[in-house]
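Q: Here you go, one structure.
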Amino acid sequence: MLAAGAGAALIVALVACQTTKPDLVTPVESAIQVEKSGFSPSGTAGQNSIEISLLFGNGESVGSWKVEVGSKGTVQKTWTGKSDYLPASLTWDGKNDTGALAPEGTYTAKLSVEYREKYLAASAESRSFVLDVSPPTGSIAMDPSFFTPTPNGVAAPMTLTINASSGLAKMDTWSLDVLDPAGALVKNWSGQWPDASATWDGSSLAGGSVTPGTTYQAVATVRDEYGNSAPLKADLAVAALAEKPPVQTAELPPVKPPVPLKPGLPAIAATTLGFSPNGDTVADTITLALGYGQPSSVVSWKVTVARTSGGAQKTWTGGASDLPQTLVWDGKSDSGSMAPEGTYRATLAVDYGSALAAGSATSPAFVLDITPPTGSIALSSPLFSPVESSDTISLKLEAHSPTAKIDSWTMNILDPGGSVFRSFTGKWPNDTVVWNGRSTRGELVQSAEDYPVEATIRDQFGNTGVVKAMVPVDILVEKIAAGYRILSSRIFFKAFTADYRDVAPDLASQNASRLDALAAKLKKFPGYKIRLVGHAVSIYWDDALRGAVEQREVLLPLSKARADAVKAALVERGLEESRFITEGVGASDQLVPDSNYKDRWENRRVALFLEK
């Protein structure tokens, strides 16, 4: 029995040894990172979503994975997958798993990985980032609070200061327009925070000066770092010109009273040439000034607004106890619907009863303007090369409106990250910008990048339309002491790899075009060696120990691999392999700090040098 029992125990032990799983080991570290410090779903293109880059350690053994985006312990967005789908990146548009917009706040993204065998489960978490929904708020302050006019202009200039803030973001750029009562542009400025003020001497873009006794409107557009924008508005008053006191001399005859108006002759006129009731609070209404001839004899009156081509749209009526000096029309007909766009006149008919014969008057024509201006932007060259062929490029605006004259425009040139790079303004008929390729701070455009252009065109009644274009920048070659430097020509790589083909289709197409152009450019320098230096962005820029490990184990080999990949692509395009020298420097030679989420894309590059 003892022998049998011992044998049974031995069999059980052997079975246990055969079925016990081997100890699991720690996998290669997975990683997850975001490419920006935040975004706004309502921001401009390039700022309305956030890219989340993923790296799966021991990807060949992954069983399943999950990415969760959350804030304060609550998950808003989830992605899951298995071994057959290991994305290099995910894009979040700010919506949660139900399709609704997630709450504004600070978020992190977490990657969880389960392995089929051999490895322990792993996880990684990104740095925090911001989902910014609320537009900036603020006000416009004026010092002094109004203009005091003089016969030659104004007594003192005015400083207009924009005070604006955002709950979760830094303020970035601003523009400031001063509009006359009809909505036409009088003066404008633009700038970048923290310099958010402008000094105005009362002069207009056309060379005139403010009109005494007139109230203008200051309209500022403020934008935060994530692309959220908001308008700020304030009235800007110009006092009436002081009257000279009457001269009292014995020699002058007494002043005769003015001759009274002939009774029974009413009058009506619009105070402006037109208006644009589009809801933007600029010239949304038009004021009609009324005169009754002999008000004490009025029995009843009626004002009718009709198109010059026929058809009454709006009427007002009243009696002797109600004689308004002005009426304000918001562009709506008597039925409450918007009246058709076009040219109008207003007629005032007055019944004086038995005292006088009935009278009527019709105003000069004015315009109801609804359709925004349209147009296009024409470039003087299909490819901008500010270092070699031309120091400048001309951008010519073509604009038209079916009912109004074009008044003014603002043109913003954006960088590849979607931020304002350079701004221009003008008053029609000036329609051309000559750009030297530099930002408001003097920075030169990046090589082989596309710079979006957005021009806002304003007609004489305040309607605005936006036209867009793209300025493609050539591969730029700069002379240096040792030969030439090809200014940064960005190739998009799959996150954490040297693969430039397995990226989004539009990026893959850009990569192919840029490599084709780069090869053609390099063939113009046959006697030079080509040195390719790969650069990368550090995730752990704020952790010296982890940053050093990242630089040694990840960034140096990755940046070298990317330089080698560009070399291979150029050899495929006909350049001799013997001409190339490649190296990788990781994050050791950055154009901007890696803490600058907004601009650090400039660091992810392969630099090229031509050397004898």
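Q: Considering only residues that are assigned to a strand (DSSP E or B) and of a type in the set (Ser, Thr, Tyr), look in region 200-244 and name the one that is farthest from the chain's Cα centre (by Cα).
A: Checked region 200-244; the qualifying residue farthest from the chain's Cα centre (by Cα) is SER209.
Q: Filter region 43-52 for residues that are modelled with pLDDT of 85 or more and either over 24 Å from the mean Cα position of the chain (by Cα) or of a type in the set (S, T, N, Q) (or both) and give the result.
A: Result: ASN48, SER49.
This table checks each residue for (1) of a type in the set (Val, Ile, Thr); (2) assigned to a loop (DSSP other than H, G, I, E, B); (3) crowded, with 17+ Cβ neighbours inside 10 Å.
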residue	(1), (2), (3)
ALA357	no, yes, no
SER376	no, no, no
LEU397	no, no, yes
PRO402	no, yes, no
TRP409	no, no, yes
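Q: Whether any residue in region 582-603 is among the acidic types (Asp, Glu) and assigned to a helix (DSSP H, G or I) is what I want to check.
A: Yes: one or more hits.
Q: Looking at region 508-546 only, could you name the residues that are buried (at least 17 other Cβ atoms within 10 Å of the Cβ), under 18 Å from GLN33 (Cβ atoms) and touching a residue at least 12 places away in the same chain (Cβ under 8 Å)?
A: HIS535, ALA536, VAL537, SER538, ILE539, TRP541
Q: Need at least 2 residues that are of a type in the set (S, T, N, Q) and more than 30 Å from PRO505 (Cβ to Cβ) per element, so show me which strands (runs of 3 or more DSSP E) inside region 89-175 make the cut, counting only ones lying wholly within it.
A: By residue number, 137-143, 158-165.
Q: Also, quick follow-up: Please verify whether region 472-489 includes one or more residues that are outside the structural domain of PRO181 (by TED's automatic domain parsing) and closer than 23 Å to THR91 by Cα.
A: no
Q: Could you check region 291-302 and list, in sequence order, the residues that are surrounded by 22 or more Cβ atoms within 10 Å (Cβ to Cβ) and under 15 Å from LYS314 (Cβ atoms)?
A: TRP301
Q: Restricting the first residue to region 322-350 and requiring it to be over 18 Å from TYR292 (Cβ atoms) and in contact (Cβ under 8 Å) with a residue 12 or more places away in the chain, which pairs with a second residue that is among the acidic types (Asp, Glu) and part of a loop (DSSP other than H, G, I, E, B) meet a Cβ separation below 8 Å and a spacing of at least six or different chains?
A: Note: pairs meeting the criteria are ASP330/ASP284; GLY331/ASP284; GLU341/ASP369.
One line per residue, one yes/no per condition, for (1) over 30 Å from LEU265 (Cα atoms); (2) touching an Asp or Glu at 6+ places or on another chain (Cβ under 8 Å); (3) outside the structural domain of ALA517 (by TED's automatic domain parsing):
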residue	(1), (2), (3)
ALA320	no, no, yes
MET338	yes, no, yes
ALA355	no, no, yes
LEU397	yes, yes, yes
ARG422	yes, no, yes
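Q: Only one residue in SER128, SER197 is exposed (fewer than 15 other Cβ atoms within 10 Å of the Cβ), modelled with pLDDT of 90 or more and within 24 Å of the chain's Cα centre (by Cα), so which one is that?
A: Numbers: SER197 fails: exposed (fewer than 15 other Cβ atoms within 10 Å of the Cβ).
Testing whether each residue is exposed (fewer than 15 other Cβ atoms within 10 Å of the Cβ), modelled with pLDDT of 90 or more and within 24 Å of the chain's Cα centre (by Cα) leaves just SER128.
Q: Starting from region 46-62, keep only residues that are in the same structural domain as LYS95 (by TED's automatic domain parsing), then list their pairs with residues that are assigned to a loop (DSSP other than H, G, I, E, B) and among the hydrophobic types (A, V, I, L, M, F, W, C) whose Cβ atoms are within a distance under 6 Å, requiring at least 6 positions of separation or different chains.
A: SER53/ALA495; LEU55/PHE496; PHE56/LEU86; GLY57/VAL28; ASN58/VAL28; GLY59/LEU86; VAL62/PHE56
Q: Checking the structure you have, find out if any residue of region 490-504 is farther than 29 Å from SER126 by Cα and without any contact (Cβ under 8 Å) to a residue 24 or more places away in the chain.
A: No, region 490-504 has no match at all.
Q: If VAL445 satisfies every condition in (1) among the β-branched types (Val, Ile, Thr); (2) touching a Phe, Trp or Tyr at 6+ places or on another chain (Cβ under 6 Å); (3) crowded, with 22+ Cβ neighbours inside 10 Å but one, which is the exception?
A: Here VAL445 clears every test but (2).
Q: Going through region 437-492 one residue at a time, which ones are under 27 Å from GLN217 (Cβ atoms) and in a loop (DSSP other than H, G, I, E, B)?
A: The answer is THR440, GLN460, PHE461, GLY462, ASN463.
Q: So ALA141 ticks every box in (1) hydrophobic (A, V, I, L, M, F, W, C); (2) within 23 Å of the chain's Cα centre (by Cα); (3) more than 24 Å from THR440 (Cα to Cα) but one. Which box is left unticked?
A: (2)
Q: In addition: Contact list please: Cβ distance under 8 Å, first residue in region 417-430 and over 12 Å from ASP459 (Cα atoms), second residue small (Gly, Ala, Ser) and surrounded by fewer than 19 Cβ atoms within 10 Å (Cβ to Cβ), pairs at least six apart or on different chains.
A: Pairs found: GLY417/GLY46; GLY418/ALA45; GLY418/GLY46; PHE421/SER439; ARG422/SER439.
Q: Also, I was wondering about something else. Quick check on this structure: which one of THR304, THR315 is modelled with pLDDT of 90 or more, more than 30 Å from TRP193 (Cβ to Cβ) and in contact with a Lys or Arg (Cβ under 7 Å, 6 or more places away or on another chain)?
A: THR315
Q: Suppose we keep only residues that are in a loop (DSSP other than H, G, I, E, B) and hydroxyl-bearing (Ser, Thr, Tyr) within region 531-568. Which one would you say is nearest to ASP516 (Cα to Cα)? Please lay out each step first, then the result.
A: Restricting attention to region 531-568, the residues satisfying the condition of being in a loop (DSSP other than H, G, I, E, B) are 535-543.
Pick out the ones that are also hydroxyl-bearing (Ser, Thr, Tyr) and you get 538, 540.
Numbers: SER538: 29, TYR540: 34 Å.
Residue satisfying both the conditions and the ranking: SER538.
Q: Please go through region 225-279 and give me each residue that is at pLDDT below 90 and crowded, with 21+ Cβ neighbours inside 10 Å, ordered by number.
A: If the condition is that a residue be at pLDDT below 90 and crowded, with 21+ Cβ neighbours inside 10 Å, then GLU225, TYR226, GLY227, ASN228 are the ones that fit.
Q: Being under 30 Å from ALA102 (Cβ atoms), surrounded by fewer than 21 Cβ atoms within 10 Å (Cβ to Cβ), touching a residue at least 60 places away in the same chain (Cβ under 8 Å) and not hydrophobic (A, V, I, L, M, F, W, C) is true for just one of GLY191, GLY138. Which residue is that? First the steps, then the outcome.
A: Numbers: GLY191 fails: under 30 Å from ALA102 (Cβ atoms).
From the options GLY191, GLY138, the qualifying one is GLY138.
Per-residue answers, yes or no, for (1) within 26 Å of TYR597 (Cα to Cα); (2) touching a Lys or Arg at 6+ places or on another chain (Cβ under 9 Å):
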residue: LEU379; (1), (2): no, yes
residue: HIS400; (1), (2): no, no
residue: THR410; (1), (2): no, yes
residue: THR432; (1), (2): no, yes
residue: TRP435; (1), (2): no, yes
residue: VAL445; (1), (2): yes, yes
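The values are calculated or read from the model by the stated rules, or taken from the named source; none is laboratory data. Quick caveat, the model's predicted, so the values are computed rather than measured. So basically every Cβ, Gly included, is an ideal-geometry build from the backbone, and we count neighbours across all protein chains shown.
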